[in-house]
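Everything below concerns the one structure shown next.
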Amino acid sequence: MAKNNKDLMNSGRKQKFTVGQGILGLILVLFTIAVFLPIWIVFVGAFTNDAYITEHGFSLLPIGHFSSAGMSTVLNYGKKLATSYGITIFITVVGTFTGLFLMSMFAYSISRKNFRLSKFLSVYLLIPMLFNGGTLAGYIIFTKLYGLKDSLLLLIFPLSVTTMNVIILRTYIANSIPAELTEAARIDGANDYRTFFQIVLPLMKPSLAAVGFMMATAYWNDWQNALLFIDTDAKKPLQLLLIDIQKSIDFLLNSTNVPSSVLAAMGGSIPKYSCTMSTVVVVIGPIMVAYPFFQKYFVKGLTVGSVKG
Amino acid sequence: MIVKSSRKQRLQDPILLNTWKNRAHVIMALPAFLVLFLVMYVPMVGLILAFQKFSYSGSVFGGEWVGFENFKYLIQSKAIFQRATMNTIKYYVIFTALGTFLNVCLAIAIDQFMIKKMSKVMQTIMIVPVFISYAAVTFIVEAFMHGDHGLVNAVTNSNIQWYSGSARQYWPLILTLVKVWKDTGYGSVLYMSVLAGIDAELYEAAQIDGAGKWRQIIHITLPSLVPMITVMLLLSVGNIMHSDTGLFYQVTRDSGVLYATTQVIDSYVLHNVFKGTNWGYTAAASLFQSVVGLALMLFANWTVRKLHPEDALF
């Protein structure tokens, strides 16, 4: 497949650059710009003078109206932002690693051909994808039956094991890890645990990176579980903070936590538009920085996931 | 030889003995098994609320059994449930048709473009929006649509209050644009991986035979994408009753005046978890959604199985 791709590229290079290619390039560039614009607006908004936004609205190139007041206010006085950052990093890291660990063990078990229960376990895995209780039933059971209202466990476990991710991992094991290898390990005297942890798991790295990145994104971006279950300020993740400041930036910054001298320097009020956009930048920033490094993995992972083993 | 004898052994192995021999695998599968049980299986029980009269006092499941009364009420409530269902299906059709078309076009366009380094950079940018949460997207949409300092009003020199009821007819278009912006780049990745697998000799042979670019696309590129398109479409049928909750709940700010054109079943259920007074109706709506989803998913998988057995989910 990789070789074909290379051939295609080479044969492409031999052709001369035609008018058609020019038009195609232009369309692609325009589409890319159109996709990029909304992201650009957020960054520009975060660094525009607030008075300018109030008067003229958001704009693409507010030349001469640069101001870092919004960003510095948010970073210096948005104590809740730091707390929420901590919470989000915590659930993302713990959730992703726990989930990967549980799912890869499960995927390995059901991929064993001489394990008769694997049929049952595969069906067991599949049913939640076909039929589930939905938001309301989950809410009732988690809060009333488990009594877990306002618990971080509810931000971690519901997303940790998902059918599709287990299928991706199982397919990867079935297609990319030769059975001879596990067979050889067994002959050499390694037990099942050792075979998995020392031989199979290290070989699963590409699929773990792909699934792991997708999971991390899901954890980082999860707003629904937070909105449903979390009440205490100290436990609110970033996405819930964003939802709160939709109503008013006062939730993050109010005159009590910004010193009056600083407030006076900003003209007596908190720069609300640029502060709001600064918060958005701080929330979406890390994923946008991390994603290009994982791009090749998740393209691969996605392809693997589409082919059933 | 070895394979044969092990197969024989497997057939003779009674299930209990086999399980004992594989106890390591049982133990490794157990944690995920328990998580699934607690977060996916137990909550299914919550749906019995759909068959009970909701008790406003006392325990949640304490209401009397009323059979299908809640469903009857739902189906008769024209203004809410029927509208949400119609919206759900309408958006599914628009998003799926337009989405598939654009994904395929973009995949072909990137594949055909000669300057590979440049298309790689462009593709990277196009995928970014899929990683931005809807809670954040809400602010981006607001920067464009805000009545007083939104970019759209400024550029078109108009004064429309987009979030008010009088502008609700524009929201299907707004939500479609947001969806296209967010998912097109990512959606094309899958089709691109198919295109990368096409044998380059096919194109060379066509070129020698004098076929131009367009004919190559129509006779080689498109036909090779058809199986993947079919499978993706069929599998998406199982999700007709589900929507991107964030898009409909967050981006519209769950605004009541926009419900007529924007409320879908998922956002209706979420709204009711917080604000609803009668969870019996909400549970009935959830169950309806799940059962229809199940039926469609089974149908879709059955069809894929007939057409492309290797792509069936189960």
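The values are calculated or read from the model by the stated rules, or taken from the named source; none is laboratory data. Bear in mind that the values here come from a model prediction, so they are computed numbers and not experimental data. Glycine gets a Cβ as well: all are built from the backbone with ideal geometry, and neighbour counts include every protein chain shown.
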*Kindly provide the set of residues from the stretch B:12-57 that are facing chain A (nearest Cβ under 9 Å) and among the polar types (S, T, N, Q), ordered by number.*
B:18, B:19, B:22
*In the stretch A:23-43, the residues that are touching a residue at least 60 places away in the same chain (Cβ under 8 Å) and more than 7 Å from every other protein chain (Cβ to nearest Cβ)*: A:43
*May I ask you to list the residues in the stretch A:42-59 that are under 13 Å from residue B:149 (Cα atoms) and within 27 Å of the chain's Cα centre (by Cα)?*
A:45
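So in the stretch B:58-80, with the set limited to residues that are out of contact with any Gly (no Cβ under 9 Å at 6 or more places or on another chain) and within 14 Å of another protein chain (Cβ to nearest Cβ), which one is modelled with the lowest pLDDT? Spell out how you get there, then give the answer.
Going through the stretch B:58-80, the residues out of contact with any Gly (no Cβ under 9 Å at 6 or more places or on another chain) turn out to be B:58-59, B:62, B:64-65, B:67-68, B:71-72, B:74-80.
Next, only the ones that are within 14 Å of another protein chain (Cβ to nearest Cβ) stay: B:58-59, B:62, B:74.
Details: B:58: 64, B:59: 73, B:62: 77, B:74: 88.
The residue in question is B:58.
Filter the stretch B:161-178 down to residues that are outside any loop (DSSP other than H, G, I, E, B) and buried (at least 19 other Cβ atoms within 10 Å of the Cβ), then give me how many there are.
To start, the set of residues in the stretch B:161-178 that are outside any loop (DSSP other than H, G, I, E, B) comprises B:165-178.
Of the ones still in play, those that are also buried (at least 19 other Cβ atoms within 10 Å of the Cβ) are B:171, B:174-175, B:178.
Final tally of qualifying residues: 4.
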*Could you list, in sequence order, the residues of the stretch B:136-164 that are facing chain A (nearest Cβ under 7 Å) and closer than 18 Å to residue A:291 by Cβ?*
B:136, B:140
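Just to check your reading of the model, which residue among B:245, B:262 is buried (at least 21 other Cβ atoms within 10 Å of the Cβ), out of contact with any Gly (no Cβ under 6 Å at 6 or more places or on another chain), within 30 Å of residue B:167 (Cβ to Cβ) and among the β-branched types (Val, Ile, Thr)?
Numbers: B:245 fails: buried (at least 21 other Cβ atoms within 10 Å of the Cβ).
When all the criteria are applied, what remains is B:262.
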*asked:* Pairs please, first residue from the stretch B:250-265 and within 19 Å of residue B:282 (Cβ to Cβ), second anywhere and assigned to a loop (DSSP other than H, G, I, E, B) and modelled with pLDDT under 95, Cβ atoms under 7 Å, 6+ apart in sequence or on different chains.
replied: B:262/B:252; B:264/B:243; B:265/B:241
_Condition broken by residue A:116, with the remaining ones in (1) in contact with an Asp or Glu (Cβ under 8 Å, 6 or more places away or on another chain); (2) in a helix (DSSP H, G or I) satisfied_ = (2)
*Read through the list (1) surrounded by 21 or more Cβ atoms within 10 Å (Cβ to Cβ); (2) assigned to a loop (DSSP other than H, G, I, E, B), then give the number of the only condition that residue A:74 fails.*
(2)
*Taking interchain pairs and intrachain pairs at least six residues apart, which have beta carbon atoms under 8 angstrom, with the first residue in the stretch B:290-314 and more than 7 Å from chain A (Cβ to nearest Cβ) and more than 28 Å from residue B:48 (Cα to Cα) and the second part of a helix (DSSP H, G or I) and hydroxyl-bearing (Ser, Thr, Tyr)?*
B:304/B:230; B:307/B:230; B:308/B:230
*Looking only at the stretch A:88-110, decide whether some residue is on the phi < 0 side of the Ramachandran plot, at the interface with chain B (Cβ under 10 Å from one of its Cβ atoms) and free of Cβ contacts under 8 Å to residues at least 40 places away in the same chain.*
yes
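Does residue B:171 satisfy being modelled with pLDDT of 95 or more and at the interface with chain A (Cβ under 7 Å from one of its Cβ atoms)?
Working: modelled with pLDDT of 95 or more: yes; at the interface with chain A (Cβ under 7 Å from one of its Cβ atoms): no.
So residue B:171 fails the test.
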*Positions within the stretch A:125-153 being of a type in the set (Ser, Thr, Tyr), more than 7 Å from chain B (Cβ to nearest Cβ) and in a helix (DSSP H, G or I), in sequence order*: A:143
